[in-house]
Amino acid sequence: MNKYFSTLVIFLFLMLQGSSSLWAQRTYKQGKLVLKIVEVVMADQNNAKAAKMMEGKKIQIYFTPDKQRTEISMMGGMARMSIIADAKDTNSVVLMKMMGQKMKMTIGEKMADRMSGGGEGQLPDDLKIVHQRDKTKIILDFNTHEVDLSYTGEDGKPVLMKYYVTDEIITPKAIASQLPKGLDLGGVPLEYEIVMPGKGRMKYKAVEFGKLSDSSVFDIPEDYQEIDPAMLGGMGH
């Protein structure tokens, strides 16, 4: 079960993106964004089965200018995982509910750094980012344009990413992502694809956007048992 949850933690971090400080005529600083995972492929057979189970699942992101919650249901609703972050705090809280068990753990900034391609604050020397402003899409009534990014990972292999981003949605920069730390795409991705040759690929797209109707989604429940992040492979240190 630890490998299963480790995989879920990794992919949630891959999907969570920071936001732009830019403003457009129409902007949303709070709301609920629903993303659908359309493809997950992992070369590592130890994690491939868990990753495959995520295809077709929906990720719900609730956000205000200060807080963000991302959650995903799995195994037909029998399991749920959430990450709650505060823009003013470098730590985040992960909630896991599975087969009657309720667990929570606090993860720090170093974990997010390790999960970003650029390590602790250093952008890759060969980083290339190209805004294809002539390649546009309307996604959920939001204007987006293509952003292509590439760099060499720590293992020496290329990392290739394609985004369709909008600056009409503004979410807090509370959680790091697969982006190298310190890089701002200039918007929130509504479509996203990452390809890591020899490791795998992942793709998602936004399928719903609406109002935030209940601010209690950011509350940390008291009936969850605190666990050590080391139980998931030491990723929280």
Here, S73 and M98, labelled 7 Å along Cα→Cβ, have an inter-label distance in nm of 1.8 nm
Let me spell out the model: positive unit charges on the Cβ of Lys and Arg, negative unit charges on the Cβ of Asp and Glu, origin at the Cα centre of region 26-101. What dipole size does that give, in debye rounded to 20?
300 debye
For the residue pair D184 and T106, what label-to-label distance in nm results when each label sits 7 Å from Cα along the Cα-to-beta-carbon direction?
2.8 nm
Taking the Kirkwood radius as the inverse of the mean 1/r across Cα pairs, report the Rg/Rh of region 57-102.
1.04
Of the listed peptides 198-209, 127-138, what is their order by residue-averaged count of other C-beta atoms within 10 Å, with the highest listed first?
198-209, 127-138
Once you put a point 7 Å from the Cα of R80 and another 7 Å from the Cα of E154, both along the Cβ direction, what distance in nm separates them?
3.3 nm
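Read-outs throughout are calculated quantities, based only on the coordinates presented, and are distinct from any laboratory measurement. This one's a predicted model, so the numbers in the text were calculated from it and none came from an experiment. No Cβ is skipped: glycine too gets one built from the backbone with ideal geometry, and neighbour counts run over all protein chains shown.
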